[in-house]
Structure formats: structure tokens, C-alpha cells
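No lab work stands behind these numbers, since they all come straight from the coordinates. These figures come from a predicted structure and were not determined experimentally. Every residue, glycine among them, receives a Cβ derived from its backbone with ideal geometry; neighbour counts consider all protein chains shown.
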Amino acid sequence: MEISLASIFVLAINAILIENLCLVKFLGICPFLGVSKKTDTAIGMGLAVTFIMTLSSFITWLVYHLILVPANLEYLRTIAFILVIAALVQFVETALKKMLPSLYSALGIYLPLITTNCAVLGIAITNITENYGLLFSILNGMFCALGFTLAIWIFACVRERIEHCDIPKPFKGFPIALITAALLSFAFMGFSGIEF
Amino acid sequence: MIIEIIIATACLAVMGLILGAALGFASKMFYVKEDKRKAQIIELLPGANCGGCGFAGCSNYADAIVNDSEPINRCPSCKPENLEKISEIVGVNSQPVEKMVAHIRCSGGNSVANKKYEYHGMSDCAAASKLLDGFLQCKYGCLGFGTCASACPQNAISIQNGVAVVDKSSCVGCGICINVCPKKVIDLIPADSKIYVQCSNHDKGAVTKNLCSSGCLGCKICEKTCRYGAVKVVDNVASIDFSLCVACGECQEKCPRKIIKIT
Amino acid sequence: MQNSSKKPKSDILRLAVTLCLIAGITAALVSLVNAITEPEITRRNNEKTVQSLKAVMPLADEFEQYEYTDGSVISDDGKEVTIDGVWRAKNKDGYVGFCIKVSPKGYGGAIETIIGINSDLEVTDAQIISMSETSGIGTKIQDDGFLSQFVGKSGKITGVASLPEKDEIQTISGATKSSKAFLRGINAALTVAAQISGGEN
Amino acid sequence: MADKIKFTDFLKEGIIDNNPTFVQLLGMCPTLATSTSLLNALGMGAAATFVLICSNFVISLLRKLIPQKIRIAAYIVIIAGFVTMIDLLMQAFVPALSNSLGLFIPLIVVNCIILARAESFASKNKPLPSALDGLTMGIGFTIALSCVSTVREILGNGTLLGFELFNGAVPLTIFALPAGGFLVLGFFIALVQFLKSRKGGAE
């Protein structure tokens, strides 16, 4: 993949629309369902994930190519990545608690959940399997996270409107959210036809 | 074979060391003055984040207790023995909080009261009341669309034939329904009160007569019959002073509109 | 944590040492297990590849790994097809053809395929090792109806929607992306085989 | 012994009251990814249950040693260690199951159920109850997963455990797609909430 504006644009469109992290590749569903009750927490979550994913793509690429490959420890890949991501999330958690306490209390339980977020690890491993260069890995991480933010923001807007409609009793809460997510992912499947 | 294992262990151990140190350093650098007592208080509070204390959730209330010494009896659903423990932590004596319960002062609702127009919009009281103050001729009455019911965390409110009714046993008196109701027809009364007035119509008697078949006319019969002076007609609607009322039930019989109820 | 009295330095140290110990012990255990399972897995994988090579090139009984240098081929419509491996098929009376493992990118992801090509550069057979196409739609490319079209074809094959002539094959309706990707794999294998045999004689 | 009586409440807790998938809504990604066929679901459930038991056991053994600040990092490293070991062992000695489940093993590492159980239960209780809790949560997850995957397999590609059901009728492939998974999961949770509210009402 030679580095040119066109290929970066292709990567962006691919990561945000065609293979959207949440609605097409189905990674990171737990926070996607959990935090999307209000748009502002959804955006906060999206930005936190963007920050963590960009940083983690950068560090995991370095760890893989500078430590694991020379010592041919590829089988340790998952553990090393998870260790880095968990430490990174913990670091961001303490930093956020100090600098943005309002966002920290809004995200609350969902910040540690990012560690187990399949998206962050999924993207870190995809960067390796697609053997992207360093720059492409970082960009891919950022664009995928922006795709996640877009999906969770749209979902949060829809869910806020659902609060006001009267939904049959058993469907209140998560079932109606899941059905909305299904419709949203049907819509996003429309993008899969685009070819560059 | 052994060397491979040693290399693997060494690599990850070093990574663990660096990351552990970074975390330790971060927790020092970003150390937020976290009051030990706050964590203990959060532990003792019920943790339902119901907002009954007027704060956004238990951790905020604990914050307020520790930092700006907020009175600790605000939490309606906190168990008394926990309350004692909190008072020890904070060193403030806690007088036992009187259990309050929500009560909807309307017995008409959209099945009994006459309507101004046919409303087919969103089934939500806030939306309905935006349109000429609601479709009921009596502009104080309950619209019966259940915004309070869906907002109640203990789901203690249910809609029965067009009017909201509170199930006293499961209501914790958190007061969320009060700020949600657009008609302001809900208020908090002591849980053990027997008698209450089921109307909040402040129009003159003559006007109320053709507005709703069970509206209070402000005829003051109840005020006269009550030997303890517990019932007062204020601004055309009867209201009971619970400290004086002994629930003898005389006003309940005398009331021509039968809107004073006894549980 | 109960020991806030200690100097903060040792607090950081304690965190670092614990994490280092846990990570180290886990790594030791995993690498131990890996050391035990490593030979077993490689033996099983080789066995599987030889098996799939033989399935595609029945008349050969021995395969020589051929170092194909530049790892991927750009097909005519500008898409990249990675070449995973090239083997020269041999039996008692000399070279019989090639087996080439390609993985073009389909709808769901890479479609790992092994293609057998005889010495006069005709496709003998093709077999899909793994793919993640949508089940029921994309997965139709592994049906014999679709695969058998390629046998005997050589040179450049184009995909058409209906009534294919000599050097054309019919793509599966509804799964164009998957069939086109598979076709790119075949063409890439043919170009690689042509390059090697071209370079040879 | 005492544990036996407790076992049934653990079982009830794990499967009905606190079912990780239907009630706690954890582990969505593996549920959607692996529930396309019943065989995969059972395999995934078994692997996840095994990892849950081992990791809960080990984590509750070490709970006193791991300081509060790095508990998440430590737990997830232990879980990842277990998963990689199982993956390697399966690839070497049980290749048949491994190539049908190969893709899902790494998914277990990021399965929120395991870390959630580790943090909310294993880090506060003794090893044996934690292992028990891991087992019951695993069973709950497997049952939920197989319910969803049965529906999706029958509707999605007209087979059940590989047996052709509707002799060649064109299946609704939408249910094979993960988007269909959302739908089926949504309806199942609605069903669970309906049963709960009716049972709640009756009590």
C-alpha cells in the first residue's frame, strides 16, 4: 500500500462506512449498546475509544514489529496486545479522572469496559494481519474508531427519540435497542457494494 | 527449547514491569484527592442512583455529604442502620427521616373530566400539555399518559382508567415523578397519612361544576365539619394539614363530590 | 490499598513488580505449552498442505517449494492478489506443473485457494482452503458447478454474466464480488506460472 | 455438603436471574459472531465455560496479591494466557474442533462476560464459589447462545446441526447475517423480560 492521499482516503471511507466497526464487522457491541442512552455520553465514549484506539494501534504495531517478530514470539501476540491495551485504558482512566472529571463520571463503568472491547484488540490484530505500515496502522485505528463514534452517535440519537414513543412493556429498554441496531446495520450493509 | 521460554518470559516480564511502573507513576501524577470517607459512604448508600436526594446519583450525594456537609437524611430509601453508620463517619447526628410517599391529587383524568378537543398526538403528558395546556377543560387535571409511570425507577405508578395512581408500598418518595409531571399534580405526603384530597382544581365552584364531575367546588363543607380544624379550603380547593388530622373520616362522608378519600 | 503510609516510590515499585511477575509467569506457561505443541502443529499443517496440493494435482507425488520473490500480483483491474506459496509438482518422470496458493480479497475477506496448473499452463483443478464469504451467497463459489468451469482453461480468463465462450466463465448471480475475486486468484496463478515457466525455457 | 445446596442457587442465578447474555447483556460480540450455527455455538459455549472456570479460580486465588490499581490489567493477562494455551492445545491435539472453532478462540479473550465475572465475583470470593459461578455463568451463556443459534440456523440456512430441514427451500439468508442476529437476540430478550414481568406479577 503506497502512502498517497488517495489510498488514505480509501482507507478512511473503507473504515468508517464500508467496514464500519460496529454495524458491519460487529466488534465492540457491549459499549455500543451500553453507553448509547444519551448522545453526549455516546460522543464522550466515541472520543475516548478514538484516543485509545489510535494510541493502541501505534504501540501495538511497535511492540509487534520491534519485540515479537525479532524474538519470533508471534504466538504471544494476543497477550502482549491485551497487556498494552489494558495498561493504556488504565492510564487514560486515571488521566481523565484528573483532567475531565465530568466526562469520567458520565462514562463511569464503561471506561474499563473498553479494555475488553473487542474493537480495540480486533483492530490491533487486523493491522498486523493486513500488514499495514506504521502510518497506515495508526490511521486505520483512528478511522475505525471514528466509524465507531459515528455509529454510536447515530444510535444514541435514535434511542433518545425512542424514549418518547410508547413501546410494548416487554420490549422496553434493550430489546427495542437491539432491533434498532439491526435496522441500522441493514442500512450500513448498503455501503458494502462500493468498490474502489 | 529452554532459551525460547526464557526469551518469552523475559520479554513479557520487561513489558509488564514498564507498564506497571507507568501505571504507578500515572496514579501518583494524576492523584486526585479522593476522600476515603466518600468510598465508605457510597458503600452504605443503596446505590440505586434514584435521584431522590436531589443529586445525580449516590456518588454525587456522597461527594456533597463529605465536601459541603450536606444533611445525610436526604436519601429516602436508605436503611436506618446504614444511616447510623454514615452519621458516625461524618460525625453528624442524623434525625430519622419521615418516610414520604408520592400522591396524585386528581381523581378525574381523561376518563371522567370533559375534553376541550380530541387529542391524537404522542402519548406523553409533556407533549399533550403543550397544546393549549392539555385536552382537558380542567387545566389542573392529570392527562393520564403515564410520563410519571415510565419515569418512576421503582415503577410504583400505574395508569388506572385514565388517571395515574401511586402504589404506596413500592414508592420510595424519590420525587422524580414530581418534576416530570407537566401538570404539577403530584406531591409528597407522609406515608402513614390516611386521608387525602383527590383534586387540585383552583377554579371557582361554578366553573368547576361543568368542567369535571368529580372536581372540588370549594364549598367549605369539609372545613366546617372537621372538629380538629385539619381541613382548610385554600384557593378553592380543600387541603389537609396532616399534623392535625386524626382521620376520623367525617369530612369524607360529608363531601358532596366524594373526592376526599380514605385508604 | 492499606499501605499508604509507605514511601510512594515503593508503591510504584510494588505495582510494577506484581504486573511484571504476572506477565512473566503467564508468558512462561504459554511458551512452555507452545514449545510442546509447536512441532505437532507444524507437522499437522505440512500434512494438510501436502494433502491439498495432492488433491489439486493428483498425478504428482512430490512437491518442491519454489521461492517466488515478490509476494503479490496486481491483477488487470488493479486489485492486489497475495501469493502465499508456489510449489513445483514432480513425479518420477520430471516436472508435471505447478501448485500455487493465492488469497484474493473477496466480499468477506481473503479467499485462500490452491490452484494446480500443468506444464502447458492449463488449470488442472482448484480447491478453496478457507474463506469468510457470506454463508449461502458467497460460499457458492466452492460448488463444483462453478469450480469445474476453470478446468482446462489457460491464458487470461474473463468473467461474464451469461453464455460464456471459450476463454470465459459464468459468474454466480448475486455473488459477483466473490466470483470476481476467485477469478482474480486464478488469473494471478496463471500469470505466476507463465512467468516461472517463461523464465525457465 | 453445603456447596451442593448452594449449587442450585448458583445455577438458577447463572441461567435465569442473572443470565450473562439475556439479562446482563454481556458478551454480545461472540454471541452475534458464533450463533450462526448450533455446532459453533456449543463449541464456543464449551470453550468459554472452560476458560471462565479456570480464570475465575486462578483470579480468586490471587485476589489478595493483586493491588487495586492494576487489577484489570492483571486479570485480563491471566485470561489471555488461558485462552492462548487452550488455543495451542486444541490446534495440536484436537484439530477437528479447532478448525471449526479456530476463529472464535481469540474472541473469548475479549468476551466481556469473563472479565465482568472476574471483577464482580472472583475478586471478592473464595476460589471454590468463584469456579462454581464461572461454571453456572458459562452454562447460562451456552444455553442463551444455543437458543439464538438454533433459531438463526433454522431460518438462516435451513439446517439444524447440519441436517437439511426444508429440503432445499431457499432460506432467509438475512438471519445468517449478523444483522439478523441482532433481531433474534432482541426478540429473545423481550421474551425473557415478558416471562420475568409475568412471573414477577404472579409472585
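What does the charge add up to near A:Thr60, with Lys and Arg as +1, Asp and Glu as -1, over the other residues with Cβ less than 15 Å from its Cβ?
Local net charge: -1.
Between beta-carbons, use under 15 Å as the cut-off and find the net charge around B:Ala206, counting Lys and Arg +1, Asp and Glu -1. Could the numbers behind the result be given before it?
Working: positive: B:Lys204, B:Lys209, B:Lys220, B:Arg257; negative: B:Asp203.
It works out to a net charge of +3.
Using only alpha carbon pairs under 8 Å that are at least six residues apart, calculate the relative contact order of chain C and give it in whole percent. Intermediate results must be reported in sequence, preceding the final value.
Values: 311 pairs, mean separation 29.1, N = 201.
This gives 14 percent for chain C.
Among all stretches of chain D without exposed trypsin sites (Lys or Arg not before Pro) (DSSP loop, at most 16 other Cβ atoms within 10 Å), which one is longest? Numbers along the way, then the final one.
Working: sites that count: D:Lys64, D:Lys124.
The answer is D:125-203.
Tell me, what is the percent relative contact order of the range B:109-263, built from C-alpha pairs under 8 Å that lie six or more residues apart?
Working: 277 pairs, mean separation 29.5, N = 155.
Relative contact order comes out at 19 percent.
Can you pull the mean other chain C-beta count within 10 Å for peptide A:93-102?
Per-residue shielding by partner chains comes out at 3.
Rounded to whole Å and sorted largest first, what semi-axes of the equivalent ellipsoid does the C-alpha gyration tensor of the protein assembly as shown yield via the square root of 5 times each eigenvalue? Provide the component values of the computation, followed by the final result.
Numbers: eigenvalues 783, 234, 103 Å².
Computed over the protein assembly as shown, the values are 63, 34, 23 Å.
May I ask you to list the chymotrypsin sites (Phe, Trp or Tyr not before Pro) in the range B:188-263 that are in a DSSP loop and have at most 15 other Cβ atoms within 10 Å of their Cβ?
Details: sites: B:Tyr196, B:Tyr228, B:Phe242; in loops: B:Tyr228, B:Phe242.
Those that pass, being in a loop and sparsely packed, are B:Tyr228, B:Phe242.
Where in chain A are the DSSP H helices whose C-alpha atoms run 15 Å or more along the long axis and whose mean Kyte hydropathy is at least 1.6? Show your work: numbers first, answer last.
Details: long enough: A:39-62 (34 Å, 1.32); A:77-99 (32 Å, 1.37); A:118-129 (16 Å, 1.86); A:134-162 (42 Å, 1.57); A:174-189 (22 Å, 2.17).
Helices meeting the criterion: A:118-129, A:174-189.
Across the range D:182-194, in residue order, what do the Karplus-derived ³J(HN,Hα) couplings come to in whole Hz, using 6.51 cos²θ - 1.76 cosθ + 1.60 with θ = phi - 60° and x for Gly and Pro?
Going residue by residue, I get 4, 4, 4, 5, x, 5, 5, 5, 4, 4, 4, 5, 5 Hz, with x marking Gly and Pro.
Can you give the longest stretch of chain C with no exposed loop site, where a site means GluC sites (Glu not before Pro) in a DSSP loop (not H, G, I, E or B) with at most 13 other C-beta atoms within 10 Å? It would help to have the intermediate numbers written out before the result.
Working: sites that count: C:Glu67, C:Glu165.
That would be C:68-164.
Which whole-number percentage describes the relative contact order of chain B, with Cα contacts under 8 Å and a sequence gap of 6 or more? Please report the intermediate quantities before stating the final value.
Details: 426 pairs, mean separation 39.1, N = 263.
Answer for chain B is 15 percent.
Could you give me the percent of Cα pairs per 10 Å distance bin for the range C:6-130, shortest bin first, beginning at zero and ending with the bin that holds the maximum distance?
Over the range C:6-130, the share of Cα pairs per 10 Å bin runs 11, 28, 22, 14, 11, 8, 4, 1, 0 percent.
Using the Kirkwood formula on the Cα atoms of the range D:86-193, what hydrodynamic radius do you get, in angstrom to one decimal? Please report the intermediate quantities before stating the final value.
On the way: mean 1/r = 0.0610 Å⁻¹.
The Cα-based Kirkwood calculation yields 16.4 Å.
Based on the Cα gyration tensor of the range B:193-263, what are the three equivalent ellipsoid semi-axes, each the root of five times an eigenvalue, rounded to whole Å and given largest first?
Values: eigenvalues 79, 26, 20 Å².
Semi-axes, largest first: 20, 11, 10 Å.
Report, in deg cm²/dmol and to the nearest 500, the calculated mean residue ellipticity at 222 nm for chain B, where each DSSP H run with n ≥ 4 adds -39500 (n - 2.57) and the sum is divided by the residue count.
Values: 10 runs with 90 residues, N = 263.
Theoretical 222 nm ellipticity from helices: -9500 deg cm²/dmol.
Average partner chain C-beta neighbours within 10 Å, per residue of B:143-153? Mind showing how you got there, number by number?
Details: counts 0, 0, 1, 1, 1, 0, 0, 5, 1, 0, 0.
What the average comes to for B:143-153 is 1.
Using the Karplus equation 6.51 cos²θ - 1.76 cosθ + 1.60 (θ = phi - 60°), what ³J(HN,Hα) coupling, rounded to whole Hz, does each residue of the range D:142-154 give in order, writing x for Gly and Pro?
Values per residue, Gly and Pro as x: 5, 5, 4, 4, 6, 4, 4, 6, 4, 4, 5, 6, 5 Hz.
Based on the Kirkwood radius over alpha-carbon pairs, what is the Stokes-Einstein translational diffusion coefficient of chain A at 37 °C with 0.692 mPa s viscosity, in µm²/s?
Working: Rh = 17.5 Å.
For these conditions, the coefficient is 187 µm²/s.
Residue by residue, what Karplus-based ³J(HN,Hα) values in Hz, rounded to whole numbers, does the range B:180-186 have, using 6.51, -1.76 and 1.60 with θ = phi - 60° and x for Gly and Pro?
Result, ordered by residue: 7, 6, x, 8, 6, 9, 10 Hz.
Report the chymotrypsin sites (Phe, Trp or Tyr not before Pro) located in the range D:60-157 that are in a DSSP loop and have at most 14 other Cβ atoms inside 10 Å of their Cβ, or state none. Provide the component values of the computation, followed by the final result.
Details: sites: D:Tyr75, D:Phe82, D:Phe93, D:Phe104, D:Phe121, D:Phe141; in loops: none.
Passing both the DSSP loop test and the Cβ count: no residue.
Starting with the highest mean, order A:120-133, A:79-92 by the number of other Cβ atoms within 10 Å, averaged over the residues of each peptide.
Working: A:120-133: 19.9, A:79-92: 24.5.
Highest-to-lowest ranking by the protection proxy: A:79-92, A:120-133.
Calculate how steeply helix D:71-93 sits against the longest principal axis of the alpha-carbon atoms of chain D, using the helix alpha-carbon long axis, and give the answer as 0 to 90 degrees to the nearest 10.
Result, in degrees: 60.
State which helices in chain B qualify, where a helix is a whole DSSP H run, it must extend 18 Å or more along its own axis by its Cα atoms, and its mean Kyte-Doolittle hydropathy must be at least 1.0.
Details: long enough: B:2-29 (40 Å, 2.01).
Span-like helices in chain B: B:2-29.
In the neighborhood of D:Thr49, defined by Cβ-to-Cβ distances under 14 Å, what is the net charge if each Lys or Arg adds +1 and each Asp or Glu adds -1?
For residues surrounding D:Thr49, the net value is 0.
Only sites in a loop by DSSP and with at most 13 other Cβ atoms within 10 Å count here; which trypsin sites (Lys or Arg not before Pro) in the range C:159-201 make the cut?
C:Lys166
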